[in-house]
Structure formats: structure tokens, C-alpha cells
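Below: one structure, written as C-alpha cells.
The values are calculated or read from the model by the stated rules, or taken from the named source; none is laboratory data. As the structure is a computational prediction, the values presented were derived from the model and not from experiment. Here the Cβ positions follow ideal geometry from the backbone for every residue, glycine too, while neighbour counts run over all protein chains shown.
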Amino acid sequence: MLTYDDLKSLPETVAGPSYDVRKVTSGIVHFGVGNFFRAHLGYYVDRALALPDQHHWGITGVGLRSGGNSDRKAEEFRAQEGLYSLTEIAANGKAEIRVMGCLKDYLQAPDEPEKVLALLADKATKIISMTITEGGYNIDETTGEFRTSLPAVQEDLANPQKPGTVFGFVVEGLRRRREAGHGGLTIMSCDNLRHNGDVSRKAFVGYARAVDADLADWIDQNVTFPNAMVDRITPSVSDEDKAKLNERSGLKDLQPLLSEDFIQWVIEDKFAAGRPAFEKVGVEFTDQVSAYEHAKIRMLNSSHLILSAAGMLLNLKLVDEVLGEPRVHKFVDSVLEKDVIPTLKAPPGVDLHKYKSTLLTRFSNAAMADQVARIASDATSKAQVFWTETVRAVLEGGRDRTRIVYCMALLLELLRGKNEKGEKIALQEPFLSEDQLKIAASDDFLESINLPAFDSWRDLLTSEIKKEIAHNRELIRKDGVLSSLPV
Ligand code: CS2
């Protein structure tokens, strides 16, 4: 266990907060306290807290689930008074370890709903941030609108003052905030979405509109939703990894964390109620965030998804192992060079070819042991968010579609839940229903094209393209991924 008292005598190789953790108060409420959040927003806030007059920007984490692992996580955060260690590992294996004091408190919404709502309405809360995953915004990809039909949303709409979803909590918190006269604040998405701020506005205002149109207008006018590009590879940490991290650090941290040394955050400076001095700790502010979002999502996340689908089918566990396969490396490189880069607008001053090389080097960081299964999880939502623009640009532009069609075949083979040898693989598809999972598992080559993963480009699939997808799926099953890759 790691406590405030341990900060007085940290091992020599471990840096601690250079501010008084006891003085930190909460100004940010964050939903979805996962590893990425702790290594990214947590990292920047921790840095900012070390600057003068920033102690009121601590974070209260909120978990939306209780029971099992969630309870364990909550107990561990509380036992450690929010402290956790972050080990950053460079590609050459060099590590830097730091104990972070930015997490002030942790609440489990199902157990303490009133406490969460009171905090959201509190004047001291200036930012509500979130990492709730790509699929978590509950937007219908075909209409672009918030889906009120989701059962959990329906439950909240029937009883808005006793919410269960993030939308229910935030909107009820804002209702109380408005009533208390505490003014607007910032809702800040830290998820990998194109225009994550605009999507959040759609989601939260969309939900609010279904509760109370006046409140929806108030949110629209008083709450800001900055768009942002977030970037840092943060692997999952198993119990065995935890032991290794603690061995390296000499700490007894219950929640140690690992990330690459690279970090980037490009965001619009639209904060309705102030923000930490992020500009002094490496955050890049711009009003042209869209080019950065597109480049990151269409290059990094999309190739990650290709690698993970190939990796799952090849039965490889680590991203660097998959990329270590020369044919896979060549394929991903060609998709980026021939399909993505020519159809993508570069952010100002960024050379996309160099950006690509940096990405491939980052993916090859064996010291990180990043997991294929982590990236392959929720491939349904990720494909729509990460691939759509490239797929549409290639198909609509009449460009060579060989690689993109192969990617679609890879995705459908992954969703089938069997590797290239026909052995079962553990799928994590939280947004697919039982019926949809049955369709995905079908041996038929084309039935699963009807799944939501294809919603954003199904209209472009001619019978010719469908035939090509089916043919590629057949090849993957017959010859395996490596032989069938079109390189
Ligand atoms: C990954 C991301 O889960 C995924 O799909 O591509 O978590 C990726 O590691 C981060 O976006 C890197 O910034």
C-alpha cells in the first residue's frame, strides 16, 4: 500500500509530488478512472499542481459500476488516498517512475449517487471530464443523434433524479447546479473520437433535451465542450505486471501503472469556468484541433485496430510481436502510405510520413508489452470511429480498395470469435447484443456485414465489393493471415 506518509521517504529512483498533496482540493470530476486517464489527464494535472496557485485543480474520480473488480479498485484507491505510481518506459527500456497526487477522491456512483450529484453541482467543480470509450457516447452513427432508446437511458429518463448512466448523472448534476446559481462549466471528453467535444455536446444536450428542453438550452449556452486529440499508449496491467512494476520501483503500490514515454494533448481553449495552467505543462492549445484528431485517429488508432485484428487471428498476444511479422508490418505501412495519408489533411507543420514512422516505432516498444486483446476490445465501435473516413475516401474516390477490403475481412473474422485456425478467441464486444453476437459468429461470409461495425459505410458496399470481402475471408481461413495479406 502507498500512503501520504510514504511520500517522505520514496526510493531514490522514484519522483514524488513536488506539492503538498494534503492541500489539493477537487476542481475536476472525472468519469471512467481507467489506466489511460491516470497516465494522461492525471499526468498533466499532476504537473500543473506543482505550479503556484493550482492546488484547487485536484480530481475526484467517479466509477459508474459497483461490485467485483470495481469494488476492489475503489477500495485500493481509497486505501492509498488516491496516490498511484506511473512508470514511463521508453523504447530503449529506460524507465522513469513518479508517484502522482492528483486523484483527490474516488466515488462509486451506484453506492453514493447523492454525493456524486452534489459534487457536480458544487461551485468548486469547474470541469467534468471523461474517458467512457468510443462507443460510450451512445450516438447513432447513421443519424449522428443521441440514442434515447438504449434501455439504461430509458431508465434514467423515467427517473432522472436517480440516474445510473453518465448522461443521467451529469445532466441531473447540472440541473442542480443551475438551480443553485453556480453557473456553467466545461465538459471535456478525453476519448478517441473525431470532434470529441462536439460529440459530447450532442450526447449530453441530446439526453437533457429528452428530460427538459429548458435545461438542454441552458447547458447548450453555459457549458463548453472543447474538442481534443489525446495520445499516450497505456497497456493493461495484470496482477503479475503489478508485481513487476513494484519490484522495479521498490514501492508497494496497489494500483501501479505503465505507459510509454510519449504523450500528447491538443485541445481547444474553451473552458467556461477556468482550467489548470495546462499551457505550462506541455498541453498544446489550438482552434484547429480537427486536423490533429483526424491524423491521430486515422493513423494511430486505425492501424492499431488492424494490428490487433491480425494479432487475434494469428494468436499473438503483444502488439510488438504482431508488428514483428514482416508482412504485417509491410501491410500496415502500405495502408498508412497508400490509403490514409493521401486522403488526409496534415495538421499544420506535421509531416505525415514522419508521423507514420514515429507511430510504427512506438508500436514496436517491446518494453511496454502492450496487449493485442486490449486494442481489439470493442472493435465494433472502434472500426466506425477509426476507419470510416478512410474507407469512404477510398471507396467513394474509386481508389485501389484491395487493402481496405482486406481490413474489412479481418474485422469480420475477428468478430466471428475464431482465430485463423478456427479456435475460439475471447471477444470483448460490450455493445453487441446476444443476437448480434450470434450473427457475428456465423460461418457465412456475408451475414455479419449487417452488424453495426459496418453502419458508417455499408451503403458503399456494391455486390462486387461484398464478393471481395467474402473471398478474403475465405483466404484467411484457408491460407492464414500472413499468406493472405495483400502486400
Ligand atoms: C488503442 C488506444 O484501444 C485502442 O484502440 O488504439 O487505446 C491507443 O493506445 C491510444 O489511443 C493511444 O493514444
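Miscellaneous remarks
Residues checked against (1) in contact (Cβ under 8 Å) with a residue 24 or more places away in the chain; (2) crowded, with 19+ Cβ neighbours inside 10 Å; (3) within 16 Å of the ligand (Cβ to nearest atom):
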| site | (1), (2), (3) |
| --- | --- |
| LEU323 | yes, yes, yes |
| PRO326 | no, no, no |
| GLY349 | no, no, no |
| LYS356 | yes, yes, yes |
| SER364 | yes, no, yes |
| TYR406 | yes, yes, no |
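- Elements of type helices (runs of 4 or more DSSP H) in the stretch 105-201, at least 2 residues being in contact with a Lys or Arg (Cβ under 7 Å, 6 or more places away or on another chain) and either more than 16 Å from the ligand (Cβ to nearest atom) or at pLDDT below 95 (or both): 113-121
- Residue that is farthest from the chain's Cα centre (by Cα), among those in the stretch 225-257 that are within 12 Å of ILE89 (Cα to Cα) and within 12 Å of the ligand (Cβ to nearest atom): PRO235
- Residue in the stretch 396-404 that is in the same structural domain as SER303 (by TED's automatic domain parsing), polar (S, T, N, Q) and under 25 Å from the mean Cα position of the chain (by Cα) present: no
- Members of the stretch 373-396 found to be among the hydrophobic types (A, V, I, L, M, F, W, C) and within 15 Å of the ligand (Cβ to nearest atom), listed by number: ALA373, ILE375, ALA376, ALA379, ALA383, VAL385, PHE386, TRP387
- Annotation: of all residues in the stretch 28-58 being buried (at least 22 other Cβ atoms within 10 Å of the Cβ) and without any contact (Cβ under 8 Å) to a residue 60 or more places away in the chain, the one that is nearest to VAL14 (Cα to Cα) is ASP46.
- Test for ASP53: is it more than 16 Å from the ligand (Cβ to nearest atom) and under 22 Å from ASP253 (Cα atoms): no
- Of all the listed residues (GLY27, GLY82, GLY61), the sole one being away from the ligand (no atom under 16 Å from the Cβ), in a loop (DSSP other than H, G, I, E, B) and out of contact with any Asp or Glu (no Cβ under 6 Å at 6 or more places or on another chain) is GLY82.
- Test: GLY250 is surrounded by fewer than 17 Cβ atoms within 10 Å (Cβ to Cβ), in the same structural domain as THR13 (by TED's automatic domain parsing) and of a type outside the set (A, V, I, L, M, F, W, C): yes
- The selection criterion, being within 15 Å of the ligand (Cβ to nearest atom) and in contact with a strand residue (DSSP E or B) (Cβ under 6 Å, 6 or more places away or on another chain), holds for ALA369.
- For ILE404: the one exception among (1) within 22 Å of LYS330 (Cα to Cα); (2) in contact with a strand residue (DSSP E or B) (Cβ under 7 Å, 6 or more places away or on another chain); (3) β-branched (Val, Ile, Thr): (2)
Yes/no matrix, rows are residues, columns are (1) of a type in the set (Ser, Thr, Tyr); (2) under 28 Å from the mean Cα position of the chain (by Cα); (3) loosely packed, with under 15 Cβ neighbours inside 10 Å; (4) assigned by TED's automatic domain parsing to the domain that holds VAL385:
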position: SER442; (1), (2), (3), (4): yes, no, yes, yes
position: PHE445; (1), (2), (3), (4): no, no, no, yes
position: SER448; (1), (2), (3), (4): yes, yes, no, yes
position: PRO452; (1), (2), (3), (4): no, yes, no, yes
position: SER456; (1), (2), (3), (4): yes, yes, no, yes
position: ILE465; (1), (2), (3), (4): no, no, no, yes
position: ILE469; (1), (2), (3), (4): no, no, no, yes
position: ARG473; (1), (2), (3), (4): no, no, no, yes
position: GLY480; (1), (2), (3), (4): no, no, no, yes
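- Residues in the stretch 300-321 that are farther than 28 Å from ALA346 by Cβ, within 16 Å of the ligand (Cβ to nearest atom), assigned to a helix (DSSP H, G or I) and of a type in the set (A, V, I, L, M): MET312 alone.
- None of VAL24, VAL62 is crowded, with 18+ Cβ neighbours inside 10 Å, over 26 Å from the mean Cα position of the chain (by Cα) and of a type outside the set (Gly, Ala, Ser) except VAL24.
- Filtering SER290, SER308 for residues that are over 30 Å from HIS182 (Cβ atoms) and surrounded by 21 or more Cβ atoms within 10 Å (Cβ to Cβ) leaves a single hit, SER308.
- Checked against the criterion of being within 23 Å of THR87 (Cβ to Cβ), touching a helix residue (DSSP H, G or I) at 6+ places or on another chain (Cβ under 9 Å) and modelled with pLDDT of 95 or more, the stretch 202-220 has no qualifying residue.
- Scanning the stretch 65-116 for residues that are farther than 29 Å from LEU359 by Cα, crowded, with 16+ Cβ neighbours inside 10 Å and of a type in the set (D, E, K, R) yields a total of 5.
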